[in-house]
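The structure appears below as structure tokens.
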Amino acid sequence: MSVQNIKLLLLRYLNAKETQLRLQNIINYWQLPEEPDGRRRWYFITRRNTINYLYVSNPTADRLSTGDVAIVEEPGAEEEHYVLVEREAAEHIAPIDRRVIRFSNSLSTDT
């Protein structure tokens, strides 16, 4: 492997790591607290095209319906992990990597 190829691979790795850190910072800032008392299932499609759900409260379900809240995949997690974030987070995430957004009624989630 040539030095040029090694440099290119390193650059790709660093760019991917930077993107992951940017997404994680946005999610950490805008993440809503978990709802241990949530009794309503909110379904969404995962990146692997399977159906998953989060338990949410009725007020949070209303906010998901109106697009005030979105469901995003946490980047870099060893296991699939999904969290609720404010709409503004989804708006910041979309230009970086739309695939992280798993449900949003305010943005298109076409991947």
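Quick note: the coordinates plus some simple rules give every number you see, no bench work behind them. In this text, all values refer to a predicted model and were calculated from it rather than measured experimentally. Here the Cβ is made from the backbone with ideal geometry for all residues, glycine too, and neighbour counts use every protein chain on show.
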GluC sites (Glu not before Pro) restricted to region 1-100 and DSSP loop, no more than 12 other C-beta within 10 Å: 34, 78, 79
FRET efficiency, 1/(1 + (r/R0)^6) with R0 35 Å, evaluated for residue 79 and residue 2 via beta carbons: 0.40
Semi-axes of the equivalent ellipsoid for region 52-94, Cα gyration tensor, largest first, Å: 19, 14, 6
Estimated FRET transfer efficiency (residue 96, residue 50; beta-carbon r; R0 22 Å; 0.05): 0.40
Proxy reagent accessibility, fewest Cβ within 10 Å first, across 83, 72, 56: 83, 56, 72
Gyration tensor (Cα) of the chain, equivalent ellipsoid semi-axes in angstrom: 31, 13, 12
Student exercise, region 44-111 dipole from Lys, Arg, Asp, Glu Cβ charges, in Debye to nearest 20: 220
Packing-based exposure ordering (other Cβ within 10 Å, fewest first) of 45, 27: 45, 27
Fraction of alpha-carbon pairs over 17 Å apart in region 12-73 - percent: 53
Charge dipole of region 3-103 about the Cα centre (unit charges at C-beta), most positive-ward option of 11, 31, 59: 11
Most mobile listed residue (43, 13, 55) in the chain, GNM with C-alpha springs under 10 Å: 13
